[in-house]
1. From zero outward in steps of 20 Å, how is the percent of C-alpha pairs of the chain spread across the bins?
2. Starting from the Cα gyration tensor of region 245-362, take the square roots of the eigenvalues, sort them a ≥ b ≥ c, and report rounded, prolate or oblate (rounded when a/c is under 1.5, otherwise prolate if a/b is larger than b/c, else oblate).
3. In percent, how large is the relative contact order of region 245-362, given Cα pairs closer than 8 Å and 6 or more residues apart?
4. Assign one of three labels to region 118-233, namely rounded, prolate or oblate, based on the Cα gyration tensor with a ≥ b ≥ c the square roots of its eigenvalues; rounded applies when a/c is under 1.5, prolate when it is not and a/b is larger than b/c, and oblate otherwise.
5. Considering Cα pairs under 8 angstrom that are at least six residues apart, work out the relative contact order of the chain and quote it in whole percent.
6. Between residue 291 and residue 222, what's the calculated FRET efficiency when r is the beta-carbon distance and R0 is 30 Å? Round to 0.05.
7. When a footprinting reagent is the concern and you count Cβ atoms within 10 Å, what order do 100, 315 take, fewest first?
8. Using the 10 angstrom Cβ neighbour count as an exposure proxy, how do 24, 328 rank, fewest first?
Ligand SMILES: Cc1cc2nc3c(=O)[nH]c(=O)nc-3n(C[C@H](O)[C@H](O)[C@H](O)COP(=O)(O)OP(=O)(O)OC[C@H]3O[C@@H](n4cnc5c(N)ncnc54)[C@H](O)[C@@H]3O)c2cc1C
């Protein structure tokens, strides 16, 4: 991890909520899957170390109280972490069905200076890049908060046939939903492309099989009509640190992130990229100039469906020069992919000069 911002004092907060320990457990599980290093300092005190970002410490101070300290590599990252923590609290509160006002977070004098904003955007167009990948172009008149801020956004998705009932955002970043209206589903997507002057962003969404859930993200992308609206929270996270060499691996839902990164990588680097999609037709979703990067492909089955594909992924990784100094190894996609890579890496010699960023996008 880069060093924590010089002279920076931790940002501290008190969180009041119905079930303090349960939230810590949930966040630990959630972030562990995203590659966050978890340190249990004491039974009721846990530190979560996010590569290139910093550390969040949570301490259970009672059944309904948590102490929180955030220390990050830059002050801007600190603000993003404050907002991210609030967003995660909101998500957990939704999962628990807690009523509005049942939790709050009070920062000690340092509320984020630039609180997240909710942008209501209009769908301009929606077309199929491939049989499984939709490109949805969204219009927003003020994209100032989007340029250079981060790659990923949380989206509030209206259900088909329902008028959206937008929440408001409180100063400390909480979403407040209008009483008596259904809350919209929230999902994370990558800004695949942005044109600030022309006021649009593109989001590429994978249409995936139902799994065992209602898949509001996939359903929204399949049905979003020009003229309809969607909520987008200010972007955060996802930028790759500078390195001499990048080894990138993604399954279909992380292909948009891999494509955006390929376009943003510094000129003086080398890159190996593996993309794992369902079949040859899906390769067209990677519309990046071959002069920037030429991916290797696995075009077979649903990601994680069977062990032969996982074996091919690991075989590819073993053949890369991933252990050379100043390398970033970035892996993103479903749990079957990220779990397999993590387990495989655990059996390899330690790699102190390799920054590993392994992010689970769905499970
Ligand atoms: C940082 C980040 C960036 C992301 N960027 C993108 C992006 O640009 N484009 C994109 O399409 N997705 C992206 N994702 C993944 C996306 O948020 C998830 O796939 C999300 O779960 C999809 O929501 P859903 O409502 O369609 O399905 P959910 O309701 O979340 O899941 C329903 C069922 O479908 C299964 N499922 C969910 N996603 C997939 C999948 N991709 N493949 C197979 N089965 C799945 C689940 O296991 C579950 O059983 C990103 C995720 C993260 C964390």
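The numbers here are math on the coordinates, done by the rules we state, and not lab data. Nothing here was measured: the structure is a model prediction, and the numbers come from that model. Ideal geometry is used to build each Cβ from the backbone, glycine not excepted, and the neighbour counts take in all protein chains shown.
1. Spelled out per bin, shortest first, that is 28, 61, 11.
2. Oblate shape, in that a/c is at least 1.5 and b/c is the bigger or equal ratio.
3. Normalised by residue count, the contact order of region 245-362 is 30 percent.
4. The shape class here is oblate.
5. 15 percent
6. It comes out at approximately 0.35.
7. Fewest to most other Cβ atoms nearby, the residues stand as 315, 100.
8. Neighbour counts put them in this order, fewest first: 24, 328.
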